[in-house]
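Derivation of every value follows stated rules applied to the coordinates shown; laboratory data play no part. No experiment lies behind these values; they were computed from the predicted model shown. For neighbour counting, all protein chains shown are included, and Cβ atoms are generated from backbone atoms with ideal geometry for every residue, glycine included.
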Amino acid sequence: MSRRLPLYAVLMLSLLVACGPGEPPAAPAGPATVIVTVDRGGGLAPPVERWTLPDLTLFGDGTAVVRGETRGAVLTGIRRTVPPDRITELYRLADRAGLFEDHVYDRDIQDGDVLTVRIADQAGIHETTVVGPGEDDGGDRGEVREFADAALGSGTDAGDYQPEQYAVLVMAGSDGRGEARPWPLAVPLSALPGAPAQPCQVLGRSEAEPLLPALRDAGPDTRWDAEGHRVTLVVRPLLPGEQTCADL
């Protein structure tokens, strides 16, 4: 009996090999190179949510920072370690979900949440946005959400994120209600970079640490007296690669 495959079988096998899944793009390396960002925002969240850390920021060396709790006026992050094999698997999932091309999956909804996924390869950064993501999403929208869930579940927590720098952001003035405290910064409000439109100052760790206990003790209604104004402060840790308020 002949063991040779019929010609049509050879052709079909060749076609399957040619059309089989290829290797996904490679992740860039580097401790300050952001390779994956997952962020959920929008909706009716308070203005401070604009300044929180993304849900997940993954760097090329496997270090990740996930959003932590808000402690008074101080936003926090949690450090996480993601092993190389998990990064490889995430890139396979991203390739399957079509995340190496830019997409916007819109939905006719007002004030809905927005899921944003950014992923980097050798060609650059690719962004996918899903407006109004939901548990019942299927198809392409569902694959993006499944990737986001997989990325957020990756790695092992390694304690609080300890940044080298913090940004102190001044929010809009208040109506005068609530507790008022003395202005905590050495630089007056009017002299902050970005004043008067968007005052913001970057402090090194040694400058910020003496201020953090009082800022962590602040409540949601705490205001700070500054040159006749009562303002709200938000302190955000800077991620690797972020150097100025303009990077936020």
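Of note:
- Shape category assigned to region 34-160 from the gyration tensor of Cα positions, a/c cut at 1.5: oblate
- Going through [x] 0.99; [y] 1.23; [z] 1.13, the figure that equals Rg/Rh (Cα atoms, Kirkwood Rh) as computed for the structure here is [z].
- Cβ crowding within 10 Å averaged over residues, with 234-244, 208-218 ranked highest first: 234-244, 208-218
- Put the Cα centre of region 182-231 next to the Cα centre of region 57-104 and the gap is 30 Å.
- Summarising the amide proton neighbourhood of Ala226: residues at separation of 5 or more, or on other chains, whose placed amide H is nearer than 5 Å comprise Val231.
- Packing-based ranking, highest mean first, of 30-41, 57-68, 179-190, 157-168 given that Cβ atoms within 10 Å are counted: 57-68, 30-41, 157-168, 179-190
- Local electrostatic count at Pro25 - Lys and Arg +1, Asp and Glu -1, tallied over other residues with Cβ under 9 Å: -3
- Here the peptides 86-95, 117-126 are ranked by packing, the mean other Cβ count within 10 Å, and the order with the highest first is 86-95, 117-126.
- Global geometry of region 78-122, whether rounded, prolate or oblate, following the gyration tensor of its Cα atoms and the 1.5 cut on a/c: oblate
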